[in-house]
Amino acid sequence: MRILWRFGYSARLLKTNHYRTAASNTSSPAVWMLLAQRSGRIPALFAAVQKRRIFTMPETAQDNTNPELYSPHPEVRGMTLLNREAFKRTVVVPALKVKKEIVHTLLKSLKHTVLQRPGLKRVVEDPEDEDSKLVILDPHKIPEFSLGESEKEVLKQLHVSPEVSKYNLELTYENFKSEEILRAVLPEGQDVTSGFSRVGHIAHVNLRDHQLPYRHLIGQVIVDKNPGITCVVNKTSIIDSTYRNFQMEVLAGENNLVTKVKENNFTYELDFAKVYWNPRLSTEHGRIVELLKPGDVLFDVFAGIGPFAIPAARKKCVVFANDLNPESYHWLLHNCKLNKVDNKIKAFNMDGRDFLLGPVREELRKELTLAKEQKTAFHIVMNLPALAIEFLDVFRHLLVGEPCSTAVLPTVHCYGFSKHENPAKDIQERAEAALGASLEGRCSTYLVRNVAPNKEMLCITFQIPADVLYKRPCPAGEEPAPKRLRTCKAFTEEDLQS
């Protein structure tokens, strides 16, 4: 089996020959490796990953030289309703008196020493001398209001007095970063960093229990500090298991959840309250589409609003797209028109199993029984990680007869979650159980992303074995095996994190 690990983000692979390890170490949960097994050689590659489309309020470096400079007033601790006026405070910072005509030169010469703080002026008027300006210095770089020898030498060359004066700098809510505000407000010692996913003008957060009393303040801070964000929502514990969407609470901003997003040069519109959309899957959508060639046939079983189907149609593939959720189906049709591929996609609003047993089977039966040589590739995408593997039993004897050529057997890309210490092995074994056949040496497993601690989202890709897909005539007197009962289960909140 060929295993390709990747985190669903952009990955930079380090040189193979610099890192080698024994195969017995590959199951360690602490390190993810790319493992390619060919001809008995097992090179291991470590992947350096970089997250995409997940926005965080960055940690702010604290400096003991002047810990108050970037800290709001202590009285804001415990605030639950945002009062911006309460964040005002005055701090004393070092400043240099400089003639107006050489201010620009001085700023360039002391660029690592002057104050570098968004929203704060580095140069202010000198109230005592209209021919001079005050250049504000970074108190973290000028401890004890004393210049270093290198700074003094620069000032000497510019004929500027090295005397450092004290300047009262007024800080307001606008001058503090999100992380600094939340650190000052939430109880001391508690985690305050709150990341969010951006979906158009909407910021989607998953707040922890200790943050909930401050949720409206947190939402308003995100709106204030992130241009373009006009609505912040938090997922609640009530989940719709049928359509894989979830209830949410608007924390701040406008109550408008119809939004527009761009992904891989395509535009999608959606109602975030009624359909599923995850910006973290952008890379995975692009990866699958890259595998397709013009003229290929794509069956998208759980299509959502079209992130696989629409790019595939633009690539001149024949596309059959389906989703059970009526709202997803509505926005799928809408986005097909928006991206001008509405005449290239056949859309369906059906249960995934019925879609496979109906339109998919009919199309395969028609195409795979043709006597002429087939060059078309068939791809079946099943992106419903919590349940998709349970649908694989549909392929057991889906067609009757004999295949014309093994080259045209459909390729399945099936997604699933795993908490197993060896996720690739786990998802392969579950797929084999559903199919009733071994996939050893006939599949690849791709790590899409880490969903939660010890929980991975993977994609297993395989060509359906002929003895699984085709039903041969039974010998005389032999009864056919009973069909596998349809299985179903409810989603959990954790499953919705994909």
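Those strands (runs of 3 or more DSSP E) of the range 118-231 in which at least 1 residues are without any contact (Cβ under 8 Å) to a residue 60 or more places away in the chain and among the charged types (D, E, K, R), considering only elements entirely within it, cover 123-125, 132-136.
When VAL221 is tested against (1) at pLDDT 95 or above; (2) open to solvent by 10 Å² or more (accessible area, probe 1.4 Å), just one condition goes unmet, and that condition is (2).
Has the range 366-378 got any residue that is in contact with a Gly (Cβ under 7 Å, 6 or more places away or on another chain) and open to solvent by less than 50 Å² (accessible area, probe 1.4 Å)? Checking the range 366-378: at least one residue is in contact with a Gly (Cβ under 7 Å, 6 or more places away or on another chain) and open to solvent by less than 50 Å² (accessible area, probe 1.4 Å).
Within the range 249-263, residues that are farther than 13 Å from GLY219 by Cα and without any contact (Cβ under 8 Å) to a residue 60 or more places away in the chain reach partners that are of a type in the set (A, V, I, L, M) and open to solvent by less than 70 Å² (accessible area, probe 1.4 Å) with beta carbons closer than 6 Å, at six or more positions or on different chains, in the pairs LEU257/ALA273.
Matching residues to (1) under 24 Å from ASN278 (Cα atoms); (2) under 24 Å from the mean Cα position of the chain (by Cα); (3) crowded, with 19+ Cβ neighbours inside 10 Å; (4) at pLDDT below 95:
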site: PHE391; (1), (2), (3), (4): yes, no, yes, no
site: VAL394; (1), (2), (3), (4): no, no, yes, no
site: VAL412; (1), (2), (3), (4): yes, yes, yes, no
site: HIS420; (1), (2), (3), (4): yes, yes, no, no
site: LYS425; (1), (2), (3), (4): no, no, no, no
site: GLY436; (1), (2), (3), (4): no, no, no, no
site: LEU439; (1), (2), (3), (4): no, no, yes, no
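Among the residues of the range 245-266, those identified as closer than 30 Å to ILE288 by Cβ and part of a loop (DSSP other than H, G, I, E, B) are LEU257, ASN264, ASN265. Residues that are modelled with pLDDT of 90 or more and surrounded by fewer than 12 Cβ atoms within 10 Å (Cβ to Cβ): does the range 136-143 have at least one? Taking every residue of the range 136-143 in turn, none turns out to be modelled with pLDDT of 90 or more and surrounded by fewer than 12 Cβ atoms within 10 Å (Cβ to Cβ). Restricting GLU290, GLU284, GLU254 to residues that are in contact with a Cys (Cβ under 8 Å, 6 or more places away or on another chain) and open to solvent by 60 Å² or more (accessible area, probe 1.4 Å) narrows the list to GLU254. Of all residue pairs spaced 6 or more apart or on separate chains, those with beta-carbon atoms under 8 Å, a first member in the range 296-308 that is more than 14 Å from THR411 (Cβ to Cβ) and a second member that is of a type in the set (Gly, Ala, Ser) and open to solvent by 10 Å² or more (accessible area, probe 1.4 Å) are ALA303/ALA347.
Select from the range 338-349 the residues that are free of Cβ contacts under 8 Å to residues at least 24 places away in the same chain and out of contact with any Leu (no Cβ under 9 Å at 6 or more places or on another chain) and write down the one among them that is nearest to LEU392 (Cα to Cα). It comes out as ASN343. Put simply, of ASP342, ASP354 the only residue that is closer than 23 Å to LYS471 by Cβ, charged (D, E, K, R) and open to solvent by 50 Å² or more (accessible area, probe 1.4 Å) is ASP354.
Would you confirm whether or not the range 147-165 contains a residue that is under 21 Å from PHE246 (Cα atoms), open to solvent by less than 30 Å² (accessible area, probe 1.4 Å) and either basic (Lys, Arg) or modelled with pLDDT of 90 or more (or both)? Show your work before the answer.
So in the range 147-165, the residues under 21 Å from PHE246 (Cα atoms) come out as none.
No, every residue in the range 147-165 fails to be under 21 Å from PHE246 (Cα atoms), open to solvent by less than 30 Å² (accessible area, probe 1.4 Å) and either basic (Lys, Arg) or modelled with pLDDT of 90 or more (or both).
Within the range 399-407, is there a residue that is open to solvent by less than 20 Å² (accessible area, probe 1.4 Å) and out of contact with any Pro (no Cβ under 7 Å at 6 or more places or on another chain)? Looking for residues that are open to solvent by less than 20 Å² (accessible area, probe 1.4 Å) and out of contact with any Pro (no Cβ under 7 Å at 6 or more places or on another chain), one finds at least one in the range 399-407, hence yes. Pairs meeting the criteria (first residue in the range 324-337 and closer than 14 Å to PHE308 by Cβ, second residue assigned to a loop (DSSP other than H, G, I, E, B) and open to solvent by 70 Å² or more (accessible area, probe 1.4 Å), beta carbons under 7 Å, at least 6 apart or on different chains) are CYS336/ASP342. The condition (being touching a strand residue (DSSP E or B) at 6+ places or on another chain (Cβ under 8 Å) and of a type in the set (Val, Ile, Thr)) is satisfied by just one residue among VAL192, VAL185, VAL154, VAL205: VAL205.
Among the criteria (1) assigned to a loop (DSSP other than H, G, I, E, B); (2) buried (at least 16 other Cβ atoms within 10 Å of the Cβ), the one THR242 does not fulfil is (2). For the range 276-286, the criterion of being assigned to a helix (DSSP H, G or I) and at pLDDT below 95 is met by at least one residue. In the range 350-369, the residues that are closer than 14 Å to ALA321 by Cα reach residues that are open to solvent by 60 Å² or more (accessible area, probe 1.4 Å) with C-beta atoms within less than 6 angstrom, at least six apart or across chains, in these pairs: ASP351/LEU324.
Restricting attention to the range 322-331, does a residue exist that is over 30 Å from ALA452 (Cα atoms), open to solvent by 10 Å² or more (accessible area, probe 1.4 Å) and at pLDDT 95 or above?
Yes, because at least one residue in the range 322-331 is over 30 Å from ALA452 (Cα atoms), open to solvent by 10 Å² or more (accessible area, probe 1.4 Å) and at pLDDT 95 or above.
The values are calculated or read from the model by the stated rules, or taken from the named source; none is laboratory data. Given the structure is predicted, the values throughout are model-derived calculations rather than measurements. Positions of Cβ are backbone-derived with ideal geometry, glycine not excepted, and every protein chain shown enters the neighbour counts. The protein model used for the area step is the full one, side chains on, heavy atoms only, and it has no ligands, DNA or RNA in it. Shrake-Rupley method; radii C 1.70, N 1.55, O 1.52, S 1.80 Å.
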